[in-house]
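K.L.:
Structure below; questions to follow.
The values are calculated or read from the model by the stated rules, or taken from the named source; none is laboratory data. Just so it is clear, the structure is predicted and the values come from calculations on it, not from any experiment. Backbone-built Cβ (ideal geometry, glycine too); neighbour counts: all protein chains shown.
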Amino acid sequence: MASANSRVILPSSTSKRLEGYPADSRWLDTLSIITSSLFLLGLFLDGWAHNSIPKLESFFTPWHAVLYSGFFSVAILMGVTQYRNVGKGYAWSKAMPRGYGLSLLGIVIFFIGGAGDMVWHTVFGIEQNLEALFSPTHLLLATGAFLFISGPLRSAWQRSGLKGWRDLYPAVLSLLLLFTLFTFFTQYASLTANASLLNMPEPTGGMRYYTDATTIAYILIPAALMMGSLLFFLRRWQLPFGAATVIFTVNALLMFLMRIDFNNRFGLIVVAAALAGLMTDILIVRLQPSPQHPNSLRLFSFVVPVVYFLLIFASIVISGPRGLWWEIHMWLGVPFVAGVIGIGLSFLLVPPPIPQE
């Protein structure tokens, strides 16, 4: 029999190990989108500075301040979420809601890249123009950013029964941020960032071939990124009406403003992108493209890039003093090839069935 002075020690409720992952959090989704958007705004401001200021010689700039403020806001959000859930009893490796574990890894990678970037700038100087897109430390930063920006999209992918803006806005906006991150790091091959190239005096001689080839890349590479992003989403859900308009418009606006010094008269590009997005939304409603409707999916994949770039061409013709120097063979044929790229990606998404042997 226990003595009167002995005490029975009960296990603390906080010491109990909780199984699985924490529940999905709409607040975490929303705050992740907000903080990642602040980061992306800083990225585009920094991109504008690298493109527009010839003698950018310091790591400590206002644009880096916005960029790293956005990053630290994401890092604090993820760190606090991890800390709180570990305190509730979740295992350290499962303390983030499903889909957000890689966001923590992205924070670590970005932090390492940021520290390395400061050393890189001190040792090798500040990158200018295209150098900034291929600097090893910047590519490490891009890898980290990809991982934490895509957290809401990964999290939504784990859930079932999502439809409409109310359920899918974190996934849609995460897709927007990802697509815009991709176009930022391929801005050297973006028509919305380099519209003036098609409105300059017609090149001659050897420069004609070089300029043609460069401009073709400005269309085909963005077409692959655009359709790859849309088809990835359509593999899982139907885009809510208006989502394509938001994605195309915001992306074109950021790309245009980042290089406004080169394209200040071509603001109608943003309007053209918005119209293309609206047409895409209408096509989604009418065609219902999905893996369950492969023919509609292939038609959608062809029409969207064709119309998108024809509208961009029209905005350049209206805005510039010279119109397009391309003849009809090019300005009609290159968007057609962009549509073929869309169809090709749709076959990767939904390949033809393999017959029984």
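K.L.:
Conditions: (1) out of contact with any strand residue (DSSP E or B) (no Cβ under 9 Å at 6 or more places or on another chain); (2) without any contact (Cβ under 8 Å) to a residue 12 or more places away in the chain. S296 meets all but one. Number of the miss?
P.N.:
Looking at each condition in turn, S296 falls short on (1).
K.L.:
Conditions first: (1) of a type in the set (V, I, T); (2) closer than 30 Å to T122 by Cβ; (3) at pLDDT below 85. T14 passes all but one, so which condition is the exception?
P.N.:
Result: T14 fails condition (2) only.
K.L.:
Here's something else I'd like to know. Starting from residues that are in contact (Cβ under 8 Å) with a residue 24 or more places away in the chain and assigned to a loop (DSSP other than H, G, I, E, B), keep the ones in the range 318-357 and report whichever is nearest to the chain's Cα centre (by Cα).
P.N.:
Across the range 318-357, the extreme among qualifying residues is V350.
K.L.:
Which of the residues belonging to the range 280-302 are surrounded by fewer than 17 Cβ atoms within 10 Å (Cβ to Cβ) and among the hydrophobic types (A, V, I, L, M, F, W, C)?
P.N.:
I282, V285, L287, listed by residue number.
K.L.:
Taking the condition of being at pLDDT 95 or above and not β-branched (V, I, T), how many residues in the range 185-232 meet it?
P.N.:
12
K.L.:
While we're here: Just for the range 111-150: of the residues that are aromatic (F, W, Y) and within 15 Å of the chain's Cα centre (by Cα), which one is surrounded by the fewest Cβ atoms within 10 Å (Cβ to Cβ)?
P.N.:
Among residues in the range 111-150 that are aromatic (F, W, Y) and within 15 Å of the chain's Cα centre (by Cα), the one surrounded by the fewest Cβ atoms within 10 Å (Cβ to Cβ) is F146.
K.L.:
Moving to a separate point now. Go over the candidates G87, G99, G79 one by one and state the one that is part of a loop (DSSP other than H, G, I, E, B), out of contact with any Leu (no Cβ under 7 Å at 6 or more places or on another chain) and farther than 25 Å from N194 by Cβ.
P.N.:
Just a single option satisfies the conditions, and that option is G99.
K.L.:
Something else: Can you work out which of the residues in the range 64-96 that are of a type in the set (V, I, T) and over 19 Å from the mean Cα position of the chain (by Cα) is farthest from F146 (Cα to Cα)?
P.N.:
V86
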